[in-house]
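Undergrad: This is the structure I want to talk about, given as structure tokens.
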Amino acid sequence: MAKILGIDLGTTNSAMAVMRGGEPQILENAEGARTTPSVVATSKTGERLVGLIARRQAVTNPKNTIYQIKRFIGHNFDEDFVQKDKAAVPYEMRKAANGGIEVEMGGAWYRPEEISAMILGKLKADAEKRLGEPITEAVITVPAYFNDSQRQATKDAGKIAGLEVKRIINEPTAAALAYGFNKKKDEKVVVFDFGGGTFDISVLEVTMGTEGEGSIEVRSTDGDAHLGGKDIDQKIIDFLATEFQKESGLDVRNDPLARQRLDEAAEKAKIELSTAVDTEVNIPFITSDSSGPRHLLIKMSRAKLEELSQEFVDRAMAITKRAMEASPFKVGDINEVILVGGQTRMPAMQAAVEKFFGKKANMSVNPDEVVAIGAAIQGGILGGEVKDVLLLDVIPLSLGIETMGGVANKVIERNTTIPTSRSQTYSTASDNQTSVEIHIVQGERAMAADNKSLGKFVLDGIPPAPRGLPQIEVSFDIDANGILSVKAKDKATNKEQSIRIEASSGLSDADIEKMRKDAEQNAGEDKKKMELVEARNLAEQTVYSAKKAVDDNKDKIPAELGTAITEKISNLEAKKGSDDSAGIKAATEELSKELSKVYEAVQKAGGTQTPPPNEPGSQSAPNDNPETK
Amino acid sequence: MPDSADEKEEEFIEEEESGTGPATIQKLREKLQKAVEEKQQYLDSWQRAKADFANFKRQEALIHADREARILSETIESFLPALDALELSLKHASSEEMILIEKQFLDALQRLGVEKFGSVGEEFNPHLHEALAEQGKENKIISVERSGYKIGDKIIRPAQVII
């Protein structure tokens, strides 16, 4: 089935995503980046450049580098704000024959949709290369305030790029889709989008439709087309330049090279202060004067950043208040708040939003990518991928069997999609063990006794053999209804026994949650128990191997070594019943060393005894031995 | 489609289907028809699921093909500012120790297959270079403010230049 590309065509940056394996996934562009600058240029050598490459030569080719074209798409040349924004960009603009806008690039004139088409064309080509298949259809997002003319122009841009635009959806709607809010009933959702250059706030209402999917309506929208992360970056640059000037007497603001380094450092510091409470901006050799090179080293705290960005946060919250007043809802009616745009990673911004709405905002989906993700989901719905006639379940808790030492050995992990089968091979714990008990448990705890017991059965008739030799294959099979069948088969005799368990799916959601929480809370204690069991099991095996080695090779072992190893065996046998796992490990280690000497001595004496395959250190999981009865 | 034990269709309904009359035969024919249609539907779905999985695996391989290269590139990039500072420092006040340290750094990069690029006189190429300012008349590099680095065709960091 052909994939529908979900595209967030942004003012500063664009992103794309598709549904893969039922999940939306961001696609990286040809340069390996998850976002693509919305910049197009004709280079001095006449080459068409799109994205990061176009941005790299912007400074030296400003008249032929087109950026932020989204501000102009679908507008008429004579509109007030067009005249205003036109003055702020270095490229030429003129009125088109139909009253629209044309921009000049590389000696030719283009409509804004043709420029956007170049960006879309690059995304399309990069997506095709990533996926190894053609892309002919897309869902493209636009701001909620876009009028018909702007939406149509965006659709035209897609067409020019060779994409059939299946739908134009609102950016806040896409964000709501990304969080699955379209599946909720009568929800009021606010989308707070603070990006690089623009701020948008939207109040949405989700009403449940007939097919179990909600329709999302925009009830009010507001924003500021010139408020974004870049404003905060500028404040930081000014702060750093001012501090440096205080220390050095030098103003680096007009030095393009220093400016570039300050730009990068400011953004980096801002990002670091989202997780650290302070950072140090370190720019060696930022400039020089008569006394030689000068270095910038300035500490910056999160508190300082918050002080610098306060006015922008306040402006955003004032606009948010306005949007709420224009909507039919009160602040208290809002069920969910979604954060969009990289700048929302700033703790002060999150705190302001939380304070205003009285609830934590949703930001688990990457705020730079959430709109593209939502567009992909819409594409999936349109393409029929998301609506599935065959709904499969997952098992909510791990299933396993009890092995030596009372350990719960997981055979099928929780959240595995069913129906499924898994098998593992086990062996016996003692010599001449002729039966094994298969005890099936459900849960996340490390020890079987702490999990829920689902059933037991015995497989007997195992031919007598040294421990560890028999191969007992245990298979778990769960059908689509969650009915579990467990079978144990002795590979040597093909004798098998099985049990069918219906109760594995009988737990309530509350029970399941409790079991999971128990496992989390007891993780530390369970880990210690596991370590003790592992230490004891290893001790057992080492004692067994050591005794066997001594018994089989009495004549080949020097007396001293024989005494030493016997002593170590007794020592370990005494210790292995205790609760001191570190002590057991140490004693096992000592015995192991003596045992190596024994094998060496045997080899020297021309013996053929080599360490058995289940010797400590040469085992590989899973090798647990079912509990003997 | 029946998806639970309760809704599972009975394979044989004694009361209705044990007879031999025309009504029974008709009923059985209808049932058979439905079963054949369902079988085809399930087979088709199963085949699609298998095909989707095969395609998914193929695409995963494509998508992750350059993942290692990208991670290496990002790791190296994080160390480059320190190397830049060292090189700037050498320009101003050279010492034997610092030259040796720089050499260690560059040797390590070379062993990883990293190449340095960007030199005065080269034609400006936005695929490799980032222009900070324009001071000359030609489209050539007149100074390299920060060297570029690449591994094979993958650009770790473009060279920052003045043209």
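The values are calculated or read from the model by the stated rules, or taken from the named source; none is laboratory data. The model shown is predicted, which means the values in this text are computed figures rather than measured ones. Reconstructed Cβ throughout: ideal geometry from the backbone, glycine too, with neighbour counts over all protein chains shown.
Undergrad: Taking segment B:89-115 as the region of interest, how many residues are buried (at least 17 other Cβ atoms within 10 Å of the Cβ) and either at pLDDT below 90 or basic (Lys, Arg) (or both)? If you could, list the steps in order and put the result at the bottom.
TA: Just the residues of segment B:89-115 that are buried (at least 17 other Cβ atoms within 10 Å of the Cβ), to begin with: B:89, B:109, B:114.
Narrowing the set further to residues that are either at pLDDT below 90 or basic (Lys, Arg) (or both) leaves B:89.
Residues flagged as buried (at least 17 other Cβ atoms within 10 Å of the Cβ) and either at pLDDT below 90 or basic (Lys, Arg) (or both) within segment B:89-115 amount to 1.
Undergrad: Just need a number here: residues in segment A:153-178 that are more than 19 Å from residue A:341 (Cα to Cα) and assigned to a helix (DSSP H, G or I). Please lay out each step first, then the result.
TA: The initial filter retains those residues of segment A:153-178 that are more than 19 Å from residue A:341 (Cα to Cα), namely A:153-168.
Still in the running and assigned to a helix (DSSP H, G or I): A:153-160.
Residues that pass the stated criteria total 8.
Undergrad: For residue B:62, indicate whether it is at pLDDT below 90 and either within 8 Å of chain A (Cβ to nearest Cβ) or in contact with a Cys (Cβ under 6 Å, 6 or more places away or on another chain) (or both).
TA: Working: at pLDDT below 90: yes; either within 8 Å of chain A (Cβ to nearest Cβ) or in contact with a Cys (Cβ under 6 Å, 6 or more places away or on another chain) (or both): yes.
Spelling it out, residue B:62 is indeed at pLDDT below 90 and either within 8 Å of chain A (Cβ to nearest Cβ) or in contact with a Cys (Cβ under 6 Å, 6 or more places away or on another chain) (or both).
Undergrad: If residue A:245 passes every condition in (1) in contact with a Ser or Thr (Cβ under 8 Å, 6 or more places away or on another chain); (2) in a helix (DSSP H, G or I); (3) not basic (Lys, Arg) but one, which one does it miss?
TA: (1)
Undergrad: If you don't mind, another one. For segment A:287-319, give me each residue that is loosely packed, with under 14 Cβ neighbours inside 10 Å, closer than 30 Å to residue B:85 by Cα and hydrophobic (A, V, I, L, M, F, W, C).
TA: A:297, A:303
Undergrad: Of all the residues that make up segment A:526-580, how many are over 17 Å from residue A:431 (Cβ atoms) and under 40 Å from the mean Cα position of the chain (by Cα)?
TA: 14
Undergrad: Please go through (1) assigned to a loop (DSSP other than H, G, I, E, B); (2) in contact with a strand residue (DSSP E or B) (Cβ under 9 Å, 6 or more places away or on another chain) for residue A:276 and return the number of the only condition it doesn't satisfy.
TA: Evaluating residue A:276 over (1) assigned to a loop (DSSP other than H, G, I, E, B); (2) in contact with a strand residue (DSSP E or B) (Cβ under 9 Å, 6 or more places away or on another chain) leaves (2) as the failure.
Undergrad: If you take just the strands (runs of 3 or more DSSP E) that sit entirely in segment A:57-152, which of them hold at least 3 residues that are under 40 Å from the mean Cα position of the chain (by Cα)? Spell out the reasoning first.
TA: Values: elements: A:65-67, A:93-95, A:101-105, A:108-110, A:137-142.
Qualifying strands (runs of 3 or more DSSP E): A:65-67, A:137-142.
Undergrad: What's the total number of residues in segment A:16-29 that are surrounded by 15 or more Cβ atoms within 10 Å (Cβ to Cβ), facing chain B (nearest Cβ under 10 Å) and part of a loop (DSSP other than H, G, I, E, B)? Steps first, answer last, please.
TA: Residues of segment A:16-29 surrounded by 15 or more Cβ atoms within 10 Å (Cβ to Cβ): A:16-20, A:24-29.
Filter once more, so that each one left must be facing chain B (nearest Cβ under 10 Å): A:18, A:20, A:25, A:27-28.
If we keep only those that are part of a loop (DSSP other than H, G, I, E, B) too, we end up with A:27-28.
Looking only at that region, the number is 2.
Undergrad: Under 9 Å between Cβ atoms, at least 6 apart or on separate chains: pull out the pairs that start in segment B:43-71 with a residue that is touching a residue at least 24 places away in the same chain (Cβ under 8 Å) and end on any residue that is in a helix (DSSP H, G or I) and surrounded by 12 or more Cβ atoms within 10 Å (Cβ to Cβ).
TA: none
Undergrad: Okay, next question. Suppose the filter is surrounded by fewer than 20 Cβ atoms within 10 Å (Cβ to Cβ) and either closer than 27 Å to residue A:492 by Cβ or among the aromatic types (Phe, Trp, Tyr) (or both); does residue A:423 pass it?
TA: Working: surrounded by fewer than 20 Cβ atoms within 10 Å (Cβ to Cβ): yes; either closer than 27 Å to residue A:492 by Cβ or among the aromatic types (Phe, Trp, Tyr) (or both): yes.
Answer is yes for this residue.
Undergrad: Here's another thing I want to ask about it. Which of (1) farther than 30 Å from residue A:394 by Cβ; (2) assigned to a helix (DSSP H, G or I); (3) touching a residue at least 40 places away in the same chain (Cβ under 8 Å) is the odd one out, the single condition residue A:512 does not satisfy?
TA: Tallying (1) farther than 30 Å from residue A:394 by Cβ; (2) assigned to a helix (DSSP H, G or I); (3) touching a residue at least 40 places away in the same chain (Cβ under 8 Å), residue A:512 fails exactly one: (1).
Undergrad: Only one of A:398, A:309, A:364 is in contact with a Ser or Thr (Cβ under 9 Å, 6 or more places away or on another chain) and among the hydroxyl-bearing types (Ser, Thr, Tyr). Can you tell me which? So that I can check it myself, show each step before the final result.
TA: On the way: A:309 fails: in contact with a Ser or Thr (Cβ under 9 Å, 6 or more places away or on another chain); A:364 fails: in contact with a Ser or Thr (Cβ under 9 Å, 6 or more places away or on another chain).
Sole residue among the options that is in contact with a Ser or Thr (Cβ under 9 Å, 6 or more places away or on another chain) and among the hydroxyl-bearing types (Ser, Thr, Tyr): A:398.
Undergrad: Is there any pair with a first residue in segment A:128-140 that is away from every other protein chain (no Cβ under 13 Å) and a second that is in a helix (DSSP H, G or I) and acidic (Asp, Glu) whose Cβ atoms are under 8 Å apart and which are 6 or more apart or on different chains, and what are they?
TA: A:134/A:128
Undergrad: Read through the list (1) within 27 Å of the chain's Cα centre (by Cα); (2) not in a strand (DSSP E or B), then give the number of the only condition that residue A:202 fails.
TA: (2)
Undergrad: Another question about this same structure. Can you give me the number of residues within segment A:44-56 that are outside any strand (DSSP E or B), touching a residue at least 60 places away in the same chain (Cβ under 8 Å) and surrounded by 22 or more Cβ atoms within 10 Å (Cβ to Cβ)?
TA: Taking segment A:44-56 and keeping what is outside any strand (DSSP E or B), we get A:44-47, A:51-56.
Still in the list and also touching a residue at least 60 places away in the same chain (Cβ under 8 Å): A:46, A:51.
Filter once more, so that each one left must be surrounded by 22 or more Cβ atoms within 10 Å (Cβ to Cβ): A:51.
The number of residues fulfilling the criteria is 1.
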